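Beneath this line is the structure, given in structure tokens, with notes to follow.
The values are calculated or read from the model by the stated rules, or taken from the named source; none is laboratory data. Worth saying up front: this structure is predicted, and the values here are computed from it rather than measured. Cβ placement follows ideal geometry from the backbone for every residue including glycine, while neighbour counts extend to all protein chains displayed.
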Amino acid sequence: MHGERVLLSEGSSLTARETLTVLGRRGVQVEIVSASSAPIARFSRWCRRLHHAPAPATDPIGYLAGVDALMSTGRFTALIPTHEQAWLFAAGRRLLPHARVAVADIGAFGQLESKVRFARLLDHLALPQPAWAEVQQESDLDRLGFPVWVKAAFSTAGRGVRHVHNHREAVSAWHALRSPDNPVMVQQSAPGRYRQVQAIFDHGRLVAAAVSEQLATGVGGSAAARLSVGDPVAVDAIRRVGEHLDWHGGIDLDFFSSQGQPQFIECNPRTVEPGNAAAAGVNLPQLLVDLATGATLSHQPVVARAGVRTRSTMAIGLGAAESPGTRRGAPAGGRATRPASRKRRGAHAGVA
């Protein structure tokens, strides 16, 4: 592990920040490619170097060329996608001849990137989700009653999701979110606690999984503080999704859990904030490196242990700033910067 050097696809997300921490603490040298001169990950002590590249959203070809030029130096063990660049690496794989990176086929991404297509996939696999309907005309907005969630098929960090309470609000959300290439769906709410199940797959074979429950809210509604939990039903569900798609690399399913039963609401076709999983015994970023380099992986899936609490002070702060006038994002207790003592049950471990 010592002597490994990896390149992260960006440095502006909380996933990038946590990935830096998880790998840096284990002696991995981490560098970042970014269109921004001051992404949040730059200010981590684990960031060894920042490389500038064109913005992938406006110049994807230039961005891929910049990434491949860095990988062609031979300095990096692997490339890790930490945000939407996972899709871009899959779509532009032939433009990355020098990159060792674990990503699924672009066709598999197509089943998950769209919220509408993901809902259809869940129905196909008979996996539980709240009732939903695609909106093709205004009358479809009323099919599930109110309140209801209006969701754009393509969005991230909760930016394309609106909670509406009547027809007027639904029409307003529909007009704001829809476009010719971005259909809209409506979906009922799900009861229970918000959880995420994360996994790594090796061409359809489950390598590792971790389930966590939200304890505090971060930016975009993300889980800024987490508790690792045992949830074999959720692990089996993500296994079925990964097997069906022959998935390769990281993936995450968001769901609500009530009385041991999940209701899945969204998919992130990449690894998301890995700090809690690492604290609970599953190092998702290191597994991505191992997968990209062809290292030997366990024949049996590794599952994170339950009962580990973590929090990201930065994520909580950003979430509180996003919701001025409230304190709903802040959990009780003082600042935590290191794993909790084994003698102190219920303490938090800092992850970023």
Scan region 313-335 and tell me whether some residue there is surrounded by 24 or more Cβ atoms within 10 Å (Cβ to Cβ), at pLDDT 95 or above and of a type outside the set (Lys, Arg). no
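Please go through region 246-256 and pick out each residue that is under 18 Å from the mean Cα position of the chain (by Cα) and surrounded by fewer than 24 Cβ atoms within 10 Å (Cβ to Cβ). I'd like the intermediate steps shown before the answer.
First, pick out the residues of region 246-256 that are under 18 Å from the mean Cα position of the chain (by Cα): 247-256.
Matches in region 246-256: HIS248, ASP252, ASP254, PHE256.
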Would you check if there is a residue in region 213-234 being more than 16 Å from the chain's Cα centre (by Cα), free of Cβ contacts under 8 Å to residues at least 40 places away in the same chain, surrounded by fewer than 20 Cβ atoms within 10 Å (Cβ to Cβ) and over 15 Å from VAL103 (Cα atoms)? yes
Matching residues in region 88-111 (in a helix (DSSP H, G or I) and either surrounded by 20 or more Cβ atoms within 10 Å (Cβ to Cβ) or at positive phi (or both)) number 5
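Here are ALA173, ALA133, ALA153: which of them is touching a helix residue (DSSP H, G or I) at 6+ places or on another chain (Cβ under 7 Å), buried (at least 19 other Cβ atoms within 10 Å of the Cβ) and not basic (Lys, Arg)?
Working: ALA173 fails: touching a helix residue (DSSP H, G or I) at 6+ places or on another chain (Cβ under 7 Å); ALA133 fails: buried (at least 19 other Cβ atoms within 10 Å of the Cβ).
Exactly one residue qualifies, and that residue is ALA153.
Going residue by residue through region 14-25, is there one that turns out to be surrounded by fewer than 20 Cβ atoms within 10 Å (Cβ to Cβ), in contact (Cβ under 8 Å) with a residue 24 or more places away in the chain and under 24 Å from ASP290 (Cα atoms)? Spell out how you get there, then give the answer.
Narrowing region 14-25 to residues surrounded by fewer than 20 Cβ atoms within 10 Å (Cβ to Cβ): 24-25.
Within this subset, residues satisfying the condition of being in contact (Cβ under 8 Å) with a residue 24 or more places away in the chain are none.
Taking every residue of region 14-25 in turn, none turns out to be surrounded by fewer than 20 Cβ atoms within 10 Å (Cβ to Cβ), in contact (Cβ under 8 Å) with a residue 24 or more places away in the chain and under 24 Å from ASP290 (Cα atoms).
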